[in-house]
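Step one of this worksheet: look at the structure below.
The values are calculated or read from the model by the stated rules, or taken from the named source; none is laboratory data. The structure displayed is predicted, hence computed values, not measured ones. We place every Cβ from the backbone using ideal geometry, glycine too, and count neighbours over all the protein chains shown.
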Amino acid sequence: MSDWKRNRLTERLNLNVPIIQAPMAGASTPAMATAVSRGGGLGSLGAGKQPSDKTRVDCQTIRAETNGAYNLNFFAHEEPEVDLARSESMREQIKPYFEEFGLEDVPRAEATYEPFNEDHLAAVLDMMPPVVSFHYGLPRADLFKAVKAAGLFTISSATNLREAKELEVGGIDAIIAQGYEAGGHRGTFAEPYEDGYLGTMALVPQIVDAVSVPVIAAGGIMDGRGIAAALALGAEAVQMGTAFLCTSESMIAEVYRDILLESDANETRLTHAFSGRPARGIENRYIREMRGSEDRLPSFPIPDTLLRPLQIASAEAGSGDFVSLWAGQGLGMSRTMAAGELLEKLTAETDEVLGRLG
Ligand SMILES: Cc1cc2nc3c(=O)[nH]c(=O)nc-3n(C[C@H](O)[C@H](O)[C@H](O)COP(=O)(O)O)c2cc1C
């Protein structure tokens, strides 16, 4: 299988290898995306939580260093209604944690980041990233149409077959099949969320059979063995998040990195407690103590707003107790090296595995 690097997706995006570094709001950086794009993979920036001014600067930083393709990622969740009763109840519940760190008031309930909007679109049209990806479905139809009309390649995540078909009908150019093993937020956009709890091994081939656009496998892929397996299942690329968390270009807090490197595969959990939507991370005190309260929290992303100062204070104090330690089930295979070096290693490993299998 010597031509594993050539397919519709790599041809269309001019990639040397079908490896996508996942967009990770709070972890991926322009330096990480640059290193991966320079190496011939697809580097990504998680722009879902940041102001558009910052996104513009980040895109310029990447473009100054490489002409390779890169991906700008946004959220496409539904705008929340601020439920005051639920928000006040959560504020009361987390107040003692704030006091432990000597913090003043818990922030007021508001959504500090919005789904893909006109402002995001303006930044996209100015910066023209070759790829625009969305998490939590598709954005508003008129905005999506404008991205497509600009000739940009679009990607979004599906966690079951229904979502994959919906994305294809909606006009998406490629679909990420995000398995249950994946670190971070599930891209699930059709409720109930539990309908999207399928493992990568089962999910990828069934989505490949159900749609005609290229499928990208994500969730638990950490090395050449995982990449070869995903390609065997019919994926035309892999999207890897956790594998890049401990690279030198990652911006995760030191305590997060330390815990990640010490943890085992059985220590991750799905939790709604940090944001109001299901996400996989390493179990810590906050996840444990919020268990049982998760159904009473305000809607995504309000819990994230309420917790922000606590997360920062916890990380600064060197405690992982209140930090969202997002990681996938493959975390035990994490490696510490530069992102470009990791990409080279992944490519060599995949060559080796596929060569061995013949
Ligand atoms: C720390 C972290 C942050 C993430 N943030 C985003 C994000 O902002 N946007 C997005 O589309 N996916 C995000 N994801 C999910 C990834 O795109 C991808 O689905 C996942 O990392 C694949 O599973 P793996 O971590 O086992 O490789 C994040 C994942 C992690 C680990």
Handout entry: Glu262 surrounded by fewer than 16 Cβ atoms within 10 Å (Cβ to Cβ), free of Cβ contacts under 8 Å to residues at least 12 places away in the same chain and not assigned by TED's automatic domain parsing to the domain that holds Met32
Key = yes
Problem - Every residue from the stretch 123-140 that is part of a loop (DSSP other than H, G, I, E, B) and either of a type in the set (A, V, I, L, M, F, W, C) or over 24 Å from Ala218 (Cβ atoms) (or both) - result: Met128, Leu138, Arg140
Completion exercise
Among the residues of the stretch 114-153, the number that are within 30 Å of Asp83 (Cα to Cα), in contact with a Phe, Trp or Tyr (Cβ under 7 Å, 6 or more places away or on another chain) and within 16 Å of the ligand (Cβ to nearest atom) is 9
Practice task
Please go through the stretch 206-223 and pick out each residue that is over 16 Å from Glu168 (Cβ atoms) and surrounded by fewer than 19 Cβ atoms within 10 Å (Cβ to Cβ).
Solution key: Asp223
Exercise for the section: Scan the stretch 306-315 for residues that are out of contact with any helix residue (DSSP H, G or I) (no Cβ under 9 Å at 6 or more places or on another chain) and of a type outside the set (A, V, I, L, M) and report the count. Expected result: 1
Practice task
Taking the residues in the stretch 188-229 that are within 11 Å of the ligand (Cβ to nearest atom) and free of Cβ contacts under 8 Å to residues at least 60 places away in the same chain as candidates, determine which candidate is farthest from Leu270 (Cα to Cα).
Solution key: Ala217
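Matching residues to (1) out of contact with any Ser or Thr (no Cβ under 7 Å at 6 or more places or on another chain); (2) of a type in the set (Val, Ile, Thr):
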residue: Ile155; (1), (2): no, yes
residue: Gly170; (1), (2): yes, no
residue: Asp173; (1), (2): no, no
residue: Tyr180; (1), (2): yes, no
residue: Ala190; (1), (2): yes, no
residue: Pro205; (1), (2): yes, no
residue: Ala210; (1), (2): yes, no
residue: Glu249; (1), (2): no, no
residue: Ile252; (1), (2): yes, yes
Practice task
Answer yes or no as to whether Leu167 is under 28 Å from Asp304 (Cα atoms), at pLDDT 95 or above and more than 11 Å from the ligand (Cβ to nearest atom).
Solution key: yes
Problem - Residue satisfying condition, being within 17 Å of the chain's Cα centre (by Cα), part of a loop (DSSP other than H, G, I, E, B) and of a type outside the set (A, V, I, L, M, F, W, C), within set Glu191, Glu181 - result: Glu181
Fill in the blank from the handout: Residue hits (the stretch 295-305; in a helix (DSSP H, G or I), in contact with a helix residue (DSSP H, G or I) (Cβ under 7 Å, 6 or more places away or on another chain) and surrounded by 18 or more Cβ atoms within 10 Å (Cβ to Cβ)) are Ile302, Pro303
Exercise for the section: Could you tell me whether Ala190 is modelled with pLDDT under 95 and either more than 20 Å from Leu13 (Cβ to Cβ) or of a type outside the set (A, V, I, L, M) (or both)? Expected result: yes
Exercise for the section: For the stretch 334-345, state whether one or more residues are within 16 Å of the ligand (Cβ to nearest atom), over 20 Å from the mean Cα position of the chain (by Cα), touching a residue at least 40 places away in the same chain (Cβ under 8 Å) and crowded, with 23+ Cβ neighbours inside 10 Å. Expected result: no
Fill in the blank from the handout: Filter the stretch 271-308 for residues that are among the aliphatic types (A, V, I, L, M) and within 13 Å of the ligand (Cβ to nearest atom); the one that is farthest from Leu198 (Cα to Cα) is Ile282
